[in-house]
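Only the coordinates and a few stated rules stand behind these numbers; no lab work does. Owing to the predicted nature of the structure, the values given are computational and were not obtained by experimental measurement. A quick note on method: Cβ atoms are made from the backbone with ideal geometry, for glycine too, and the neighbour counts reach across all protein chains shown.
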Amino acid sequence: MSTETTTTRCAVVGGGPGGVVLAYLLARAGVPVTLLESRPDFDRRFRGDALAPPVLEVLDALGLADPLLAAVPHGTADAFVWRTPTRAYRLADYRRASAKYPYYALVPQGRFLPFVVEEAARFPGFHVEMGARASALLRDGGGRVVGVEYTHGGARQRLHADLVVGADGRNSKIRTLSTITATELGAHLDICWYEVPRRDSDPPQSGLGIIAEPGASLAVLGQADSWQLGYLIPAGTFPALRAGGIGPVVGAFRRRLPWLGDRLDGLSEVNQLTLLPVRITSVDRWSEPGLLLIGDAAHVISPVGGNGLNFAVLDAVEAANRLVGPLLADPVDPEAVDAATAAVEAARRPLVDRDQQQQKRAERGAVHRLRTADPRPPRVLRVLSSLPGVALLVARRSARALAAPPIDARILHPAAGVPLNAAWAANPAGEGPRRSAPPG
């Protein structure tokens, strides 16, 4: 099998939120960047879709937020609400969390990701390979990562790069190929997902919150043409759920979401559910010479908190700010690149670690409530939700935890001006001139 070799400044492996945003930011600044995505498309099922107010403000600074929200059908949620059969607890109120975006925007990843990639395709240094599966890290004689090997349409390719970024999710292939070690911090919950079609007559669902009843906790995520229904179970109990049959799951959905009606008739077996183990994972370090991990590749964020997407985007912004200078230098100084990747971890890790510890506590509490059939929030949250103004304060505190650093001026306003990709400018509604689709 022949091997084709190409070069770039930065190779980003993984076309999730962190990967596409980082690739966009670097390309905007004029850094040659190649994005490798293993799938043939950007469809993401059973993935978080809630863009927080601070992240919407970041996109707005880049001129992306309003076009995104205008182009993609989406919902909004201005509060985190915990609903039981007898009461709704408003735990966080985002109506004052941002002057322009006082809400979470619920944008399906399957629409958000290609939108960002199309914007990145405006810049001549950007290239994306769909259906590109990473198989090895390239190293020099000293062990430094100097690129990535991948297969594309059955052909082996080698991409040499001054920096490789692993943004390929919770089951990161790049992390596995590196010398970085992952540790599981918590294994308390699993989520069983089921998808049903969406109808025009369906009531609005924010997707941000919890729907609970004694012994069951549910989640509802709205996509462009479907609903994704989540059923939480204690970790490792899926075999017991299978043995007991699908009845309790269907019953909970029918009681709490009666408007689903006949769309639940087809759910007759437990094996129709998609099991997503919720595993909070950390790594001993985010980088090694020539390599950086971001997003779930560096830190798996529990979907229970709903902020995995937002953390990945903030990782990308921090990484772009730190890397734009070293990667624009000619020649590139490897030591400067490594110093920048270390700085990314130094800036982001304390915030991520704190959130993961909070998630561990929240998941332990969730399992206890499932086992004791108590659908209510923890007592302290019940008390606080009854006090005037507390939900607004909680939302503002949450927004501060997701605050992004100012975007580097070289990204916002490249000094020499980064020209548009000429082919894209001639056909901006097309597929983009720098894209390689998987053959076949």
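Annotations for the structure displayed:
- On Cα atoms only, tilt of 247-256 relative to the major axis of the chain in degrees: 80 degrees
- In percent, rounded to a whole number, the relative contact order of the stretch 1-155 is 30, using alpha-carbon pairs under 8 Å and six or more apart.
- Pairwise centroid distance, computed over Cα atoms, of the stretch 244-269 with the stretch 367-404, Å: 28 Å
- Debye, to nearest 20: dipole size of the stretch 243-321, +1 on Lys, Arg Cβ, -1 on Asp, Glu Cβ: 420 debye
- With a simple spin-label model that places each label point 7 Å from the Cα along the Cα-to-Cβ direction, the separation between Arg156 and His413 comes to 4.9 nm.
- Look at the alpha carbon pairs under 8 Å that are at least 6 residues apart: their mean separation over the length of the chain gives a relative contact order of 25 percent.
- Fraction of beta bridges assigned by DSSP in the chain that are antiparallel (%, nearest 5): 65 percent
- Placing R0 at 41 angstrom, the Cβ-Cβ distance between Asp60 and Ala243 gives a FRET efficiency of 0.25 after rounding to 0.05.
- Multiplying the residue separation of Val383 and Ala88 by 0.36 nm and subtracting their alpha-carbon distance yields 104.9 nm.
- Sorting 386-394, 152-160 by average packing, meaning the other beta carbons within 10 Å per residue, from highest down gives 152-160, 386-394.
- FRET efficiency for Lys360 and Asp202, using Cβ-Cβ distance with R0 set to 30 Å, rounded to 0.05: 0.30
- Relative contact order (%) - the stretch 86-237, alpha-carbon pairs under 8 angstrom, separation at least six: 15 percent
- Given +1 at the Cβ of Lys and Arg, -1 at the Cβ of Asp and Glu and no other charges, the dipole of the chain around its Cα centre is 1540 debye to the nearest 20.
- Residues Trp82, Trp193, sorted so that the one with the fewest Cβ neighbours within 10 Å comes first: Trp193, Trp82
- Taking 0.36 nm per residue of separation and subtracting the Cα-Cα distance, full extension of the segment from Arg254 to Asp374 would add 41.3 nm.
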